[in-house]
Amino acid sequence: MLQDRFGRTIDYVRLSVTDRCDFRCVYCMAEDMTFVPRAQVLTLEEMERLARVLVELGVRRIRLTGGEPLVRRDVAQLVRDIGAISGLDELNMTTNGAGLVRYADELKAGGLDRINVSLDSLNPDRFRQLTRTGDLAKVLAGIEAAREAGFRRIKLNSVILRGRNHDEVPALVDFALERGLDISFIEEMPLGQITEHDRGLEFVSSAELRDDLSTRLNLVPLAEKTGGPSRYWQVPGSDSRIGFISPHSQNFCELCNRVRVTAEGRMLLCLGHEHSVDLRAVLRAHPDDDAPLRDAIIGAMAIKPERHDFSLDPGEQLVRFMNMTGG
Ligand code: SAM
Ligand code: SF4
């Protein structure tokens, strides 16, 4: 079992399979991005090996993310390889949805359990503005393709920005309820120097969103704790869960059960800090011996910080962009 020095058990890993993306969401990336050279990104074999060793060390849930996982050419094979690791309880993916028409069936057959799709607007022009390159119709078709492929408990993720898509929260909730999807609203996190908007000015807290929604829906809090940063509510008569992820306004660090691995194989111990361990160096220095990799992962637990301290002050924001981190 992986345990950090605060007694937290780490059984969940978010694995970024690429830092590249076909979208340029305004809160996630700058318009002009430099991506990691391909030789520095973990190969399919390295990712599978890393995942297997993580599972041997007690990891039970892996989420593939990015960047956009579906722009990685061998992503379906990666899902098959990791999906076949015995001892792994859940293999999930977070995607912008644009590639789901093409991949949904293959991912389902390959052993992917659950899908989260990011969706910030139901208005095509606004969707284009927020993603800079995205086509809403393609994403909506992707969500349908995932439903038809048999994925259950599909979850939408919406980052809400004041003055941009703040007014769409009720419509997004209705969209989710009508289709039996879950939806989580995410407070924007200060990752990466963006110039497009002032994160402080556009920030909307989860509490404010929930209060607004409560005026039109009967929101009943769910007692169930997921071990993650989401807190969930339900509307009587519906199976959908409405979640709020509040990195600023609520501290969920004491329950943290996760670490992240970047596409370059850097294990990040906390979203809000730079503490990391270079696992790629270990993977490549010891291609036939897993013991050093195991030791490096166990050793990394010693530097997992107790808590994040995000700041909306531009001078204190982390330079790392969300696409590097694996959201
Ligand atoms: N490309 C995929 C997608 O968009 O779902 C997976 C990677 S993306 C980095 C993962 C999640 O992080 C998305 O739901 C996205 O909305 C969210 N995200 C990106 N930048 C963020 C930020 N600065 N604050 C909060 N959430 C952010
Ligand atoms: Fe791409 Fe996802 Fe970042 Fe949007 S949030 S730019 S889809 S990685």
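Laboratory data are not the source of any read-out in this text; all were calculated from the coordinates shown. All values derive from a computational prediction rather than experimental measurement. Counting neighbours? That spans all protein chains shown, and the Cβs are built from the backbone with ideal geometry, glycine included.
At a glance:
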| read-out | value |
| --- | --- |
| Karplus-derived HN-Hα couplings along the range 67-77 (A = 6.51, B = -1.76, C = 1.60, θ = phi - 60°), whole Hz, x at Gly and Pro | x, 9, x, 7, 8, 7, 4, 9, 4, 5, 5 |
| Expected 222 nm ellipticity per residue - DSSP helices of 4 or more, -39500 (n - 2.57), all of the chain, to 500 | -8500 deg cm²/dmol |
| Degrees, to the nearest 10: 44-56 long Cα axis against longest axis of the chain | 90 |
| Cut-off 9 Å between beta-carbons: net charge of the residues surrounding Arg280, Lys and Arg +1, Asp and Glu -1 | -1 |
| Table column - 3J(HN,Hα) (Hz), the range 7-19, Karplus curve with 6.51, -1.76, 1.60, x for Gly and Pro | x, 7, 8, 9, 10, 9, 10, 9, 10, 7, 9, 6, 9 |
| Helix 169-179 vs. the chain, principal-axis angle (Cα, 0 to 90°, nearest 10) | 70 |
| Selected from Val41, Cys21, Leu2, residue furthest toward positive end of dipole (the range 1-59; charges at beta carbon) | Leu2 |
| Pairwise Lys count, the chain - Cα closer than 27 Å, eight or more residues apart or different chains | 6 |
| Gln40/Val235 FRET efficiency (R0 41 Å; Cβ-Cβ; nearest 0.05) | 0.35 |
| Low-density loop positions, trypsin sites (Lys or Arg not before Pro), the range 73-112 - DSSP coil, at most 10 other Cβ in 10 Å | Arg73 |
| Length-normalised contact order of the range 2-325 in % [C-alpha pairs under 8 Å, at least 6 apart] | 22 |
| Angle between the chain longest axis and helix 136-148 axis [Cα atoms, degrees, rounded to 10] | 70 |
| The chain, dipole about Cα centre (Lys/Arg Cβ +1, Asp/Glu Cβ -1), debye to the nearest 20 | 440 |
| DSSP-defined antiparallel bridges as percent of all bridges, the range 2-325, nearest 5 | 30 |
